[in-house]
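Enquirer: The structure under discussion is supplied below as structure tokens; questions concerning it will follow.
The values are calculated or read from the model by the stated rules, or taken from the named source; none is laboratory data. Source: prediction; values computed, not measured. Here Cβ is always computed from backbone atoms with ideal geometry, including for glycine, and neighbour counts include all displayed protein chains. Ligands, DNA and RNA are excluded from the accessible area calculation, which covers all protein heavy atoms including side chains. Shrake-Rupley method; radii C 1.70, N 1.55, O 1.52, S 1.80 Å.
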Amino acid sequence: MRGAWFAAVACAAAAGLNGCQWAAPLVAGTPTGAAVPPGLRVEGVPPVPLSLVRQAAPYTELRGHTVVDWHPTKREMLVSHRAPDATTAQLYRLSNPLDQPQALTHGADPVTRARYEPLAGRYVVFERASGGSEVTQLYRLDAPGAEPVALTTPDERHALLTWLNTRSELIHASVPLDRTADGGSRAQVNTTLWLLDPQHPDRRRRLAVLPGSGWYATRTSRDDRWLALGRHRSANASEIWLLDLSSGERRRVLPGTADPAPMQATHAPLDFSADGRYLYLLTDRHGEFRELARLEIANGRLERISHDTPWDITEASLSHDDREVVALANVAGRRELRRYSTATLAPLPAPDLPVGSLAALRHHRVSGELALVVTHARSPGQVWSAEPGRSAQAWTQPSVPAGLDTASFTEQQVVRWKSFDGLEISGLLTMPPPRHTGRRPVLVHIHGGPEAQASVGFLGRTQYYAQELGVAIVQPNVRGSSGFGKRFLTLDNGRQREDAARDIGALLDWIATQPQLDPTRVLVSGGSYGGYMALAVAARYPERIVGAIDVVGISHFLTFLKNTESYRRDLRRVEYGDEREPGMAEFLDRISPLTQAHRITRPLMVVQGRNDPRVPYTEAEQIVARVRANGTAAWYLRADDEGHGFARQDNQDYQFWATVLFMQHTLLR
């Protein structure tokens, strides 16, 4: 199947989209449609016409890159990318700007996170999980083409945290899995920290056992005495701890002992200053938004750095020479660069960078050169580097099939409306090009999380809906989304859950007032929490939509909380409600889409990975069965080699084609 498909893309690249005369089908299949990928279960979906596959092919081959790590001594880096002959994103070495990337890993499972051995870059350690299970394991790769060496055992989930500064040993975390527990579930999950020499994995040493989940680590102090730990308790409450690596003792530094208890604020560690005097961090304790700050460890004095920016700081990087700290500010969904002097904490001029939204900041350990990713509406992610006083330099070139004019892709625009209670809600609107006239059908696509945000950037294959089908796309940031302040983040918690669905009801009212949008043709979709929202909207407003698409979404909160992996359960209870509390189980049952399934009367499409540890596949199976029993059409895709969303190219493609068919059956009639 893949060989014929790649040949078609090559033809499109060589001759332009309309220049190929197909002598054979674009993909293997039957006269009635494209072949279904192995491992993908398809129910209720009509055959995918080969004509659709041909037309959509360029949109499935829009590929960018992301920076993974700098080499510690050389001016070269690791990037992650999906090549034309690969089914998933893999790891590549880039020796010079715009060089041909050298493949380091391969296989059916993606590799997007890795680190060089920190002293000389002698080898790479990377994470990989099998079949979308998220049971990540650590591997050592000694050279391109070499067989990776397994460093961990598959009976636990492992995460690469950081390296020591003085020797080639790394710290990783392990959490147990439900499948290794008696009865298939755990009442208590602890996080274990390990010190590991990747060349002698059998000699690993346990550093600490931390109670519960939600723990992570960022950096060690330069003398390797302290490890900075973060503990995520909820979207609105987190802590910073310091772990003594020699004794294993830990102490909480934020919130401090003088802070009110309990303090509802987030604190996230970043890095230590070179002299060990300060710990740089992110916190929203001073207001609605997350700021860059630093803690003087000896006396607990906290200094604010980015208080001049009334937006969340999403990430930051401290240069190894300790002269500057660079941060990304989430300005209305677009991430912009901010630079500060560590000597004065004053803003510094930002480097001249291409237009776009930024991500993945990485300082080179020796030169201080900054690597980052730039993305915008007309281009997939592109890796750039920047140094003060020098022009930015491109390291990668996005892959865009010949004949596809991404310059015509429409920019997203911010739109706003008032919800039922007067709260202002915003979203991003992508309109079709002007050749599509009249009032346009609308796809309302809701992000996951719910502590996430629809932000500006490249829409990838979603642009096909606007460019070729003439569909307007609205990406709402309902209450509970991040990026709009910590109060806004809490407005959907617990018993306020249905208010987020009512925000979509208000959006439907707004659509009816827009002369360019057709309120009689609205399709709602979403992934993860967005999948739940799509189901909730389908049950609450069936007469106002033409259908719904649920991708790995929750259909019943009680079965979800029972079956999600135990290392996630307590954090999800904070968000959705603790079913053990009086009355909460009844509330969660009542508002769940499965309970309200009799009200879902419009066609439904459900997409699910069999190995999903977050939202178990049973959430999809039960809503499909219930909706069908009520006489409503339900299309169903379930991949046995996927988890929380599809990662393999063949599965992604089939999901995309099926989505277009679903639109044609519902939205475009």
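Enquirer: Expressed as a whole percentage, what fraction of the accessible surface of the chain belongs to carbon and sulfur atoms when a 1.4 Å probe is rolled over the protein heavy atoms?
Expert: That share works out to 49 percent.
Enquirer: OK, next. Just to confirm my numbers, what's the Cα centroid distance between region 156-186 and region 399-428 in Å?
Expert: One Cα centre to the other: 39 Å.
Enquirer: Distance between the C-alpha centers of region 283-355 and region 43-97? Whole Å please.
Expert: 32 Å
Enquirer: Answer rounded, prolate or oblate for region 85-162, using the Cα gyration tensor with square roots of eigenvalues a ≥ b ≥ c: rounded when a/c is under 1.5, else prolate when a/b is larger than b/c, else oblate.
Expert: Oblate, since a/c reaches 1.5 and b/c is not below a/b.
Enquirer: Next question, about the same structure. Based on Cβ point charges of +1 for Lys and Arg and -1 for Asp and Glu, what charge dipole magnitude is obtained for the chain about its Cα centre, in debye rounded to the nearest 20?
Expert: Result for the chain is approximately 500 debye, rounded to the nearest 20.
Enquirer: Please determine, in degrees from 0 to 90 and to the nearest 10, the orientation of helix 529-540 with respect to the longest principal axis defined by the Cα atoms of the chain, where the helix direction is its Cα long axis.
Expert: 40 degrees
Enquirer: Once you keep just the Cα pairs under 8 angstrom separated by 6 or more residues, what percentage relative contact order results for the chain?
Expert: Relative CO of the chain lands at 12 percent.
Enquirer: Hey, another quick one. Just want the answer: with Cβ charges of +1 for Lys and Arg and -1 for Asp and Glu, which residue in I591, Y567, V36 is farthest toward the dipole's positive end in the chain?
Expert: After comparing all options, I get I591.
Enquirer: Kindly provide the Kirkwood hydrodynamic radius of region 536-669 in Å, to one decimal, from all pairs of distinct alpha carbon atoms.
Expert: 15.6 Å
Enquirer: I'd like the orientation of helix 618-629 relative to the chain: the angle between its Cα long axis and the longest Cα principal axis, in ° from 0 to 90, rounded to 10.
Expert: So the inclination is approximately 20 degrees.
Enquirer: Using only helices, what value at 222 nm comes out for the chain when you add -39,500 (n - 2.57) per DSSP H run of length 4 or more and divide by the total residues, to the nearest 500 deg cm²/dmol?
Expert: -5000 deg cm²/dmol
Enquirer: Quick check for you: with a 1.4 Å probe and neighbouring chains kept, what is the accessible area per residue of the chain, in Å²?
Expert: Each residue of the chain exposes 39 Å² on average to a 1.4 Å probe.
Enquirer: Under unit Cβ charges (Lys, Arg +1; Asp, Glu -1), what dipole magnitude, rounded to 20 debye, does region 192-314 have relative to its Cα centre?
Expert: Roughly 420 debye for region 192-314.
Enquirer: Of V124, P582, T314, which is farthest on the positive side of the dipole of the chain, counting Cα position, with +1 on Lys and Arg Cβ, -1 on Asp and Glu Cβ, and the Cα centre as origin?
Expert: Projecting each Cα onto the dipole axis, the largest value belongs to P582.
Enquirer: Counting other C-beta atoms within 10 Å, and keeping those with at most 14, which DSSP coil GluC sites (Glu not before Pro) do you find in region 284-392?
Expert: For GluC sites (Glu not before Pro) across region 284-392 that sit outside H, G, I, E and B with at most 14 neighbouring Cβ atoms in 10 Å, the list reads E288.
Enquirer: Now for a different question. Would you mind getting me the FRET efficiency between Q264 and T73? Use the beta-carbon distance for r and R0 = 25 Å, nearest 0.05.
Expert: Step by step, r from the Cβ atoms, then E = 0.05.
Enquirer: Only one of the values (i) 24.4, 80; (ii) 28.3, 97; (iii) 24.8, 75 was calculated from this structure for Rg and Dmax of the Cα atoms in Å; name its label.
Expert: Answer by label: (iii).
Enquirer: Picking from S246, Q90, H665, whose Cα lies most toward the positive end of the charge dipole for the chain (charges on Cβ: Lys, Arg +1; Asp, Glu -1)?
Expert: Of the listed residues, the answer is H665.
Enquirer: Now for a different question. Rounded to the nearest 20 Debye, what is the dipole magnitude of region 570-669 about its Cα centre when Lys and Arg each give +1 and Asp and Glu each give -1 at the C-beta?
Expert: Dipole magnitude for region 570-669 comes out near 520 debye.
Enquirer: Under the rule that an exposed site lies in a DSSP loop and has at most 14 other Cβ atoms within 10 Å, name the longest stretch of the chain with no chymotrypsin sites (Phe, Trp or Tyr not before Pro) of that kind, not counting the sites themselves.
Expert: Formally, the longest exposed-site-free interval is 23-419.
Enquirer: Here's another thing I want to ask about it. Compute the FRET efficiency between R205 and E468 as 1/(1 + (r/R0)^6), taking r as their Cβ-Cβ distance and R0 = 60 Å, and round to the nearest 0.05.
Expert: Approximately 0.60, to the nearest 0.05.
Enquirer: Here's something else I'd like to know. Hey, what angle do you get for helix 497-512 against the long axis of the chain, alpha-carbon based, 0 to 90 degrees rounded to 10?
Expert: Here the helix axis deviates by roughly 50 degrees.
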